[in-house]
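Q: Please see the structure below; I have some questions.
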Amino acid sequence: MAEAPNDLDAYWMPFTANRQFKAAPRLMASASGMHYRMADGRQILDGTAGLWCVNAGHCRDEIADAIAAQARSLDYATAFQMGHPAAFTLATRLARLAPGDLDHVFYVNSGSEAVETALKIALAYHHARGEGRRGRLIGRERGYHGVNFGGMAVGGIGNNRKQFGPGLGAVDHLPHTHDLAHNAFSRGQPAWGAHLADDLLRLIALHDATTIAAVIVEPVAGSTGVLVPPVGYLERLREICDAHGILLIFDEVITGYGRLGAAFAATRFNVLPDLMTTAKGLTNAAVPMGAVFARRHIYDALMTGPEPAIELFHGYTYSGHPLACAAALATLDIYEKENLFARARALEPYFENAVHRLDDVAGVIDVRNIGLAAGVELASRQGRPGARAYEVFLKCLELGLLTRQAGDTIALSPPLIASEGDIDQMADILGQAIAATA
Ligand code: PXG
């Protein structure tokens, strides 16, 4: 077991209440399958697949072996004007996994970088086609697209901008689709809300379509509390974008690689975006990596101009890193061999029934779910939004379950290898924790 560090001061922790944490630290020492082991030896059931990313379960030997072998044979290869075989092999496999003609893959190192990359590709696409006036980007309220300037700007979380300003200038937002008066306690896609996509027509009337480059949405918003798209909503967005020459970007950083019981949300909902951002489950989180998928017309539009010219002035030192490629290939092997996406789809009704057992627990104002993702929303404590969910998070941890909170919503997103018993345990502990904090 790893030794507990005795000085916690130097590490400035991300998205963490540093002083509160350091006063009562929660240190993870190791992990295997569905469980973490804490530094104090306690075993914790992973109800969140790490942070929506460890879809095949923890510390898979196949992935560890692939990374180790790669580190010994080719540790690093520059991706600029050079290449290495695994990057091409992986791209071909990913293109085959993606729906439609989303068959070109640009590598990045995180979800945030995937978003910046997709936004830049959208702008470059319009520029290449002589429509450089299309510079405006449309996001959605309660959208989370990472922490970099572009993603922060199109994202719809006030707190993410409070300290840093707006990020980009030409941005606007659609309304989110979550409305307890209409869609509380939905199972799967809510029936109400498709009309909210029509708000895009208002933004088009306001800004003029010829100034709008792209619309970016999470097909299912994850980190802002599991917001499932109303029936017909994504289809309507696609329709409006098509009618006005606007690109549609799906941010599938959370929904990609099986979370919804299909390879991607685009697969599950049968709506094809022009660009798709992914990360997290791509490598089972064993090595950081993201991939942006582009449809053929996007790629082709940029493969113009003189052949010696670099078509897209963009990339990262670690784009297509050999260790990440090795991890991703081994991860895809596991997904395929164990049929994990179909497994998640088959488990969905069981998971749905388990989480909806919490519908009647005092203090629960909504339970919503799709695939292996669920949000359990609690009535906020007077004047202290988020306080209740944080107490529940701590109580769950004490009872042996890792959950994730978003405001006063507790999110569950187990690894796709979860058993029915694991799922029952998650629902039971969460129910107990909510009751204990009443
Ligand atoms: N897009 C989406 C849809 C995400 O969920 C990102 C982009 C950014 O990815 P990186 O790899 O740069 O973190 C994310 C990240 C939570 C939580 O509490 C979720 C994320 C990150 C941190 C916390 O659910 N998702």
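Q: For Ala29 and Asp424 in the same chain, what is the full-extension length gain: residue separation times 0.36 nm, less their Cα-Cα distance, in nm?
A: Here the segment from Ala29 to Asp424 would lengthen by 139.7 nm.
Q: What does the helix-only formula give at 222 nm for the chain: each DSSP H stretch with n ≥ 4 adding -39500 (n - 2.57), the total divided by the residues, and the result rounded to the nearest 500 deg cm²/dmol?
A: -11000 deg cm²/dmol, from helical runs alone.
Q: Sticking with this structure for a sec: Using modelled amide H (1.01 Å from N, peptide plane; none on Pro or chain starts), what sits under 5 Å from the amide H of Arg142, excluding residues fewer than 5 places away?
A: Gly156, Ile157
Q: Label point 7 Å out from Asp40 along Cα-to-Cβ: which residues of the range 396-433 have amide N under 15 Å?
A: 396-402, by backbone N distance to the label point.
Q: Can I ask one more? In what sequence do Glu348, Glu311 fall when counting other Cβ within 10 Å, fewest first?
A: Exposure proxy ranking, most exposed first: Glu311, Glu348.
Q: With charges set only on the Cβ (+1 for Lys and Arg, -1 for Asp and Glu), what does the dipole of the chain come to about its Cα centre, in debye to the nearest 20?
A: Value, rounded to 20: 580 debye.
Q: Stretched out fully, how many nm does the piece from Ala10 to Phe80 gain, at 0.36 nm a residue minus the Cα gap?
A: 21.7 nm
Q: How would you order 219-225, 328-334 from highest to lowest mean count of nearby Cβ atoms within 10 Å?
A: Packing proxy ranking, top to bottom: 219-225, 328-334.
Q: With both bridge residues required to lie in the chain, what share of the DSSP beta bridges run antiparallel, to the nearest 5%?
A: Rounded to the nearest five, the antiparallel share is 65 percent.
Q: Using alpha-carbon positions, what is the distance between the centroids of the range 112-128 and the range 219-234, in Å?
A: For the range 112-128 versus the range 219-234, the Cα centre distance is 23 Å.
Q: Express in nm, to one decimal, how much length is gained between Trp192 and Asn270 on full extension, taking 0.36 nm for each residue of separation and deducting their alpha carbon distance.
A: Length difference between fully extended and current span is 26.2 nm.
Q: Would you mind counting up the charge near Ala68? Only other residues with Cβ under 14 Å from its Cβ, with Lys and Arg at +1 and Asp and Glu at -1.
A: Within the 14 Å Cβ shell, the charges total -2.
Q: I'd like to compare 387-400, 166-179: which one has the highest average count of other Cβ atoms within 10 Å, and what's the full order after that?
A: 387-400, 166-179
Q: Can you tell me the order of 27-36, 365-374, 185-194 when each peptide is scored by its average per-residue count of other Cβ atoms within 10 angstrom, highest first?
A: Per-residue mean Cβ counts within 10 Å order the peptides as 365-374, 185-194, 27-36.
Q: According to a simple spin-label model (label point 7 Å from Cα along Cα-to-Cβ), what is the distance in nm between Asp65 and Leu180?
A: If labels sit at Leu180 and Asp65, their model points lie 5.0 nm apart.
Every read-out reported here was derived from the displayed coordinates using simple, explicitly stated rules and does not represent laboratory data. Note that this is a predicted model, so its numbers are computed, not measured. Quick reminder, even Gly has a Cβ in these numbers, built from the backbone with ideal geometry, and neighbours come from all protein chains shown.
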